[in-house]
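Taking it in order: structure first as structure tokens, then the write-up.
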Amino acid sequence: MRGERAAERSSERGRSAAPSGASALTRSRVRLDQPRPSRRKLLPEYDPEAFGRLSERVARFLGTGRFIVWMTLVIVVWVLWNIFAPDHLRFDQYPFIFLTLMLSLQASYAAPLILLAQNRQDDRDRVTHEQDRKQNERSIADTEYLTREIAALRMGLGEVATRDWIRSEFQDLIKEMDERRLFQGESDEGDR
């Protein structure tokens, strides 16, 4: 014991006499590239995702007809037992204070679980909405790009000679040549 105390005192003296400056960097310091060692915690740790999934399951069950039927059966059996059972077997006397307490306890746990499940659903809906919004933005950008490309193709096609345009040009040329022949034929006859 005495040796340990002496070693602690000498290490404390060494720390207080540590030089400052560049050699001070050699002292032990917290490394930021490594995780901290785990500390003792007073409260138990739990997985919030597991607790959230449990709350959603409970909330889903509380919202079913099956829960209402079971709750009704339990209350009816409770009331009938405490009315018709012998006095020494009754556990909740009139005005059913224990039943009221149990229903209040059930409601006090059900309400936060339902709210937790709703909050988780809201978070999922928010993420889904954000993903939908981003997808819509991408779709709009793609649509605008395709619209510009189609407009450019139409403008380009406006300058390209199509089969119908070439036919109409040939027909116009043939008519023009026929008119010239007729005109030349008339002028030749007039010269004679």
**OP:** Using only protein heavy atoms and a 1.4 Å probe, report how much of Phe96 is accessible, in Å² to the nearest 10.
**Re:** 40 Å²
Original post:
Which value, in Å² rounded to 10, gives the accessible area of Lys175 with a 1.4 Å probe and all protein chains present?
Top reply: 130 Å²
Original post:
For q = 0.14, 0.16, 0.22, 0.23 Å⁻¹, what log10 I(q)/I(0) does segment 52-171 give under the Debye formula with an equal point scatterer on each alpha carbon and no solvent?
Top reply: -0.84, -0.93, -1.17, -1.21
**OP:** Sketch the reach of a paramagnetic label on Arg60 as a point 7 Å from Cα along Cα-to-Cβ, and name the residues of segment 104-133 whose backbone nitrogen lies under 20 Å away.
**Re:** 110-128
**OP:** Mind grabbing the accessible area of Ser104 for me, 1.4 Å probe, Å², rounded to tens?
**Re:** 70 Å²
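The values are calculated or read from the model by the stated rules, or taken from the named source; none is laboratory data. These numbers were taken from a predicted model, which means no experiment stands behind them. FYI the Cβ positions are ideal-geometry reconstructions off the backbone, even for glycines, and counts take in every protein chain you see. Note: areas computed on protein heavy atoms with side chains; ligands, DNA, RNA excluded. Shrake-Rupley method; radii C 1.70, N 1.55, O 1.52, S 1.80 Å.
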